[in-house]
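See below for the structure under consideration.
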Amino acid sequence: MICVVIARGRHRQVAAEADFLFQEGAELVELRIDYINGTPSVKALAGKRTGPVVITCRRERDGGRWSGTEDQRLALLRTAIVEGVEWVDLEEDVAGQVPRLGKTKRIVSYHNFHETPEDLEAIRDRMAGLDPDVIKITTQANNPHDNLRVLRLVRDPPVPTIGFCMGEMGIISRVLTGRFGAPWTYAAFGHETGVAPGQLTYEQMTQIYRYDQIDAETEVYGVIADPVGHSLSPQIHNAAFAREKLNKVYVPIRVPGEHLGQFFDDAAELGIKGLSVTIPHKEAVLRLLTERDEAVDGIGATNTVVFEGEHRRGYNTDYQAAMDSLEEAMNARNREKPFEGKTALVLGAGGVGKAIAFGLAQRGAMVILADGDAPRASQLAQRLKCHSTEWATRHNVAADILVNCTPIGMHPNVDETPFDKHYLRPSMIVFDAVYNPENTLLVKDARERNCTVVTGVEMFVRQACLQFQHFTGREGPAQLMRDVIKRATSAAKT
């Protein structure tokens with residue numbers, strides 16, 4: 001179940017949004033009366049409700065906006081109980097001052113916006129002595145392991161417990177708390193009304209993550225990055241899981257590099273079966289694998305990990321996806337060695353650059369690498385037995401194929417390009433691996449100069465389909481994924 005939080009300044013707005021949510025199928029709504037301008041009328045809100053509600057009045061120190069006296073706040077909470085609302089939220093330090101009355105159930109809550117304390121079990125056990133029907137513990141995630149520590153509280157507790165972490169690093173726990181047994185999680189009414197860091201919207205929780213279908217048997221997949229908020233992988237993979245009616249969920253997971261090893265150790269307990277790997281972990285994750293395919297060894301980077309028992313298998317789907325995209329653009333599907341004799345300028349020597357440079361070199365192209373970090377380009381060129389050039393001299397290369405593997409031009413920096421349009425020739429194939437937006441400035445310039453263009457969306461969809469196949473054993477639904485990503489990138493511009 002999802003409890004949807006309404007935090008508005010006017011009683012009329014609160015009542016209207018609550019009524020809308022119940023009509024849309026919401027099962028529980030939290031009314032944050034500390035957000036109401038002036039003195040809240042609990043009686044009016046309780047009388048107008050059309051479904052079960054939680055009344056919450058949070059102090060500033062607990063992340064709320066209540067500016068009145070503590071006596072006034074407690075009086076409002078007691079009034080909610082007298083009015084017979086379904087739930088009332090009481091912080092642990094005041095739970096003993098607000099006695100149980102009638103049918104109203106009690107949430108006893110603890111919030112820590114700074115850290116996830118070491119004594120979580122002691123905090124939960126202390127709260128269990130305060131006559132709760134449900135315990136709620138939310139803490140700030142300062143490393144990915146904090147999520148697992150909080151989720152462990154949810155599994156087989158003495159009192160039903162809701163537990164998750166706040167912040168971008170805590171999103172995974174908001175989605176998985178139900179898998180561990182929590183009676184519900186929380187979501188915002190809309191993007192502009194979130195009341196806690198990392199809080200997802202009701203639409204995201206229902207439409208993307210299908211939260212109410214998650215159970216103890218749900219297999220978990222995700223993308224690891226730092227940061228991770230820009231990734232559209234959760235949208236396309238969850239849409240594919242839904243299409244195939246699979247009991248799987250795909251989540252964004254922020255993992256700083258120093259916590260990568262611990263996260264891999266936690267993966268099994270979190271239920272993780274597979275991962276997409278992106279910046280900055282494509283190279284670092286290699287040391288944590290037990291097996292890897294030939295392409296991963298050749299490229300020196302992986303973007304896909306599959307967990308099976310003690311095995312951690314690494315694959316690189318960027319490589320195959322990029323080659324397939326280029327071959328299609330060249331109408332070379334049935335031509336033998338279409339890249340031989342071609343000069344390919346690859347901009348960027350990171351994970352994607354490594355994969356594409358490897359693929360082109362393997363197929364006989366003369367590859368020239370350029371990167372803002374010149375030593376990185378030089379080292380990769382030596383390993384792949386190709387060439388490198390200084391970033392400042394990249395325009396001097398007479399390339400047949402130009403590939404951008406840098407983030408230049410990515411949203412929100414859409415007015416930037418890694419290659420001056422005056423050096424583009426109609427005979428060139430221009431491939432931009434950036435997929436958000438699809439029509440980068442480089443892509444627009446290339447089309448204007450009548451180049452053959454390959455967009456990042458094509459590569460992104462192809463590599464995601466290959467990942468989906470590694471995750472499920474089934475062919476990825478390419479057209480569905482393509483439609484989802486185009487809708488998502490279009491929405492990001494509005």
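The values are calculated or read from the model by the stated rules, or taken from the named source; none is laboratory data. Predicted model only: the values in this text are computed from it and were never measured. FYI the Cβ positions are ideal-geometry reconstructions off the backbone, even for glycines, and counts take in every protein chain you see.
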Any chance L246 is of a type outside the set (S, T, Y), farther than 26 Å from P407 by Cα and either in contact (Cβ under 8 Å) with a residue 24 or more places away in the chain or surrounded by fewer than 19 Cβ atoms within 10 Å (Cβ to Cβ) (or both): yes
Residue count for segment 440-494, restricted to those that are buried (at least 18 other Cβ atoms within 10 Å of the Cβ) and either within 21 Å of V346 (Cα to Cα) or free of Cβ contacts under 8 Å to residues at least 12 places away in the same chain (or both): 18
Condition check for L101: at pLDDT below 95, under 26 Å from M1 (Cβ atoms) and not in a helix (DSSP H, G or I): yes
Residues located in segment 48-90, provided they are over 20 Å from P197 (Cβ atoms), part of a helix (DSSP H, G or I) and either not assigned by TED's automatic domain parsing to the domain that holds R106 or not aliphatic (A, V, I, L, M) (or both): K48, E70, D71, Q72, R73, R78, T79
Out of A301, A344, A321, A295, sole residue that is assigned by TED's automatic domain parsing to the domain that holds H387 and either of a type in the set (A, V, I, L, M, F, W, C) or part of a strand (DSSP E or B) (or both): A344
Of all residues in segment 286-308 being touching a residue at least 40 places away in the same chain (Cβ under 8 Å) and over 23 Å from C386 (Cβ atoms), the one that is surrounded by the most Cβ atoms within 10 Å (Cβ to Cβ): T304
Members of segment 274-283 found to be in contact with a strand residue (DSSP E or B) (Cβ under 9 Å, 6 or more places away or on another chain) and either small (G, A, S) or surrounded by 19 or more Cβ atoms within 10 Å (Cβ to Cβ) (or both), listed by number: G274, L275, S276, V277, T278, H281
Which listed residue is touching a Leu at 6+ places or on another chain (Cβ under 8 Å) and small (G, A, S), from A80, A95: A95
Where K282 falls short, out of the listed (1) of a type in the set (D, E, K, R); (2) under 26 Å from H114 (Cβ atoms); (3) modelled with pLDDT under 95: (2)
Residues satisfying the stated conditions in segment 425-439, i.e. over 15 Å from K486 (Cβ atoms) and either in contact with a Ser or Thr (Cβ under 8 Å, 6 or more places away or on another chain) or surrounded by fewer than 22 Cβ atoms within 10 Å (Cβ to Cβ) (or both): R425, P426, S427, M428, I429, V430, F431, D432
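So, of the residues in segment 254-297 that are hydrophobic (A, V, I, L, M, F, W, C) and within 15 Å of N143 (Cα to Cα), which turns out to be nearest to the chain's Cα centre (by Cα)?
V255
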Among (1) on the phi > 0 side of the Ramachandran plot; (2) under 32 Å from the mean Cα position of the chain (by Cα), the one test that G364 misses: (2)
Single residue of segment 326-367 satisfying the filter (in contact with a Ser or Thr (Cβ under 6 Å, 6 or more places away or on another chain) and surrounded by 24 or more Cβ atoms within 10 Å (Cβ to Cβ)) that is nearest to L402 (Cα to Cα): L347
Qualifying residue in segment 147-156 (condition: modelled with pLDDT under 95, in a loop (DSSP other than H, G, I, E, B), more than 30 Å from G229 (Cα to Cα) and touching a Gly at 6+ places or on another chain (Cβ under 8 Å)): yes
Pair list, Cβ under 6 Å, 6 or more apart: segment 116-140 residue of a type in the set (S, T, N, Q), other residue exposed (fewer than 14 other Cβ atoms within 10 Å of the Cβ): Q140/H114; Q140/E115
Any hit, segment 52-68, residues being over 27 Å from N147 (Cα atoms) and more than 36 Å from the chain's Cα centre (by Cα): yes
Filtered residue count, segment 174-209, keeping only those that are part of a helix (DSSP H, G or I) and closer than 20 Å to A239 by Cα: 10
Condition met for R155 (within 27 Å of the chain's Cα centre (by Cα) and among the basic types (K, R)): yes
Segment 178-217 - residue that is at positive phi and within 17 Å of the chain's Cα centre (by Cα) and, of those, modelled with the lowest pLDDT: G198
Answer from R73, R65, R49, R32 - the residue that is touching a strand residue (DSSP E or B) at 6+ places or on another chain (Cβ under 7 Å), under 19 Å from A7 (Cβ atoms) and surrounded by fewer than 22 Cβ atoms within 10 Å (Cβ to Cβ): R73
